[in-house]
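Below is one structure, written out as structure tokens; the observations come after it.
The values are calculated or read from the model by the stated rules, or taken from the named source; none is laboratory data. Keep in mind that this is a model prediction, so the values were computed, not measured. Here Cβ is always computed from backbone atoms with ideal geometry, including for glycine, and neighbour counts include all displayed protein chains. Just so you know, the surface numbers come from the protein's heavy atoms only, side chains and all, with ligands and any DNA or RNA stripped out. Shrake-Rupley method; radii C 1.70, N 1.55, O 1.52, S 1.80 Å.
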Amino acid sequence: MSVSKLNHTKPSVYQLVPLDALTIDPRTQRQEGVNAARAAKIAEEWNPAAAGTLAVSRRHDGSLVCIDGAHRSAAARSLGIPELPALVYSGLTLAQEAALFVELNTFKQPSMLSRMMAARVSGDPAATAILDTVETHGWKIDYNSEAGHFAAVQAAERIYRNGCGALPLGAHRDLLDRTINLITAAWRPDRESAHQMVVQGVGLLLARFGDGINDSSFALQLAEGRPYVLIGRAKALQSGQGGTTPAAFAKVLVGIYNTRRRTARLPEWVWTR
């Protein structure tokens, strides 16, 4: 995601900004918020020469939104430092702020969820398709561990991109939609069913066998058990056979699907990737 490619670079000025005036908009920032331990570590090792420059957006109402440097500004505030140097952009739209956040943090590794959420705000079509598809089934994209909250966006992206390795690289939105629909039908928006292994395993199974799977009857079978039990079985299987956890989970699913079926059974799962 490039600010220059999106053609939204706006005039900016280099100035000192009062830290007490800075705000954070979660729509264009890290969804997990400021990590207190990380900010404390920065404060403990504070070096003014290495503090760098914040990136700040001055909105039309005059508010100052921190785009990059939230942890540094939190650390500085805890040390009683009133202001830090910043490159202040004026006139950015919300989408432009989000795209700037993605570009500035490409090598600083904010969470996948944060980057995906910001990418959607910036107008990225893949991120929009992925998150919109998940939300269509009643999930809320969030780190909250309560039922109905979905943080496995990396798993969702892998399904969307190439069916977790089972399909050619592309945009497989229908597969992602089918995956989330099956998981939701089986277990409702449950926090266990939003596990990365569950999402990838179901997506991988559907990508490989396609129309050979009866989704409605399979959802009823899955509903008889709990996701955490299947996760445990998959981990044990992976420990013995090697390979990836999604493949192990898919193999467990094949066994469940073939239970009580004399016809239209799935072939034995032999993949380890």
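Report whether or not ALA86 is open to solvent by less than 50 Å² (accessible area, probe 1.4 Å), under 20 Å from ALA151 (Cβ atoms) and aliphatic (A, V, I, L, M). Step through it out loud before you land on a result.
Values: open to solvent by less than 50 Å² (accessible area, probe 1.4 Å): yes; under 20 Å from ALA151 (Cβ atoms): no; aliphatic (A, V, I, L, M): yes.
It is false that ALA86 is open to solvent by less than 50 Å² (accessible area, probe 1.4 Å), under 20 Å from ALA151 (Cβ atoms) and aliphatic (A, V, I, L, M).
So ALA129 passes all but one of these: (1) more than 14 Å from the chain's Cα centre (by Cα); (2) open to solvent by less than 30 Å² (accessible area, probe 1.4 Å); (3) small (Gly, Ala, Ser); (4) modelled with pLDDT of 95 or more. Which condition number does it fail?
The number of the failed condition is (1).
Could you check segment 36-83 and list, in sequence order, the residues that are closer than 16 Å to LEU16 by Cα, open to solvent by 30 Å² or more (accessible area, probe 1.4 Å) and of a type in the set (S, T, N, Q)?
Passing the criteria: THR53, SER63.
Condition check: of a type outside the set (Val, Ile, Thr) and either out of contact with any Phe, Trp or Tyr (no Cβ under 6 Å at 6 or more places or on another chain) or modelled with pLDDT under 85 (or both). Does SER57 satisfy that? Let's see the steps before the verdict.
On the way: of a type outside the set (Val, Ile, Thr): yes; either out of contact with any Phe, Trp or Tyr (no Cβ under 6 Å at 6 or more places or on another chain) or modelled with pLDDT under 85 (or both): no.
Against the criterion (of a type outside the set (Val, Ile, Thr) and either out of contact with any Phe, Trp or Tyr (no Cβ under 6 Å at 6 or more places or on another chain) or modelled with pLDDT under 85 (or both)), SER57 does not qualify.
Restricting to segment 1-35, count the residues that are open to solvent by 50 Å² or more (accessible area, probe 1.4 Å), in contact with a strand residue (DSSP E or B) (Cβ under 7 Å, 6 or more places away or on another chain), modelled with pLDDT of 80 or more and not hydrophobic (A, V, I, L, M, F, W, C).
Residues that pass the stated criteria total 4.
Tally time: how many residues in segment 164-174 are in a helix (DSSP H, G or I) and either open to solvent by 40 Å² or more (accessible area, probe 1.4 Å) or at pLDDT 95 or above (or both)?
Residues that pass the stated criteria total 2.
For residues that are surrounded by 20 or more Cβ atoms within 10 Å (Cβ to Cβ) and touching a Lys or Arg at 6+ places or on another chain (Cβ under 8 Å), tally how many sit in segment 111-120.
3
Out of GLY123, GLY91, GLY138, report the one residue that is loosely packed, with under 15 Cβ neighbours inside 10 Å, under 21 Å from the mean Cα position of the chain (by Cα) and more than 30 Å from GLY243 (Cβ to Cβ).
Result of the check over GLY123, GLY91, GLY138: GLY138.
Test each condition in (1) more than 22 Å from PHE209 (Cα to Cα); (2) open to solvent by 50 Å² or more (accessible area, probe 1.4 Å); (3) under 16 Å from the mean Cα position of the chain (by Cα) for ALA147 and report the one that comes out false.
All conditions are met except number (3).
Among the numbered criteria (1) more than 30 Å from PRO189 (Cα to Cα); (2) in contact with an Asp or Glu (Cβ under 6 Å, 6 or more places away or on another chain); (3) small (Gly, Ala, Ser), which one does ALA147 miss?
The single condition ALA147 does not satisfy is (1).
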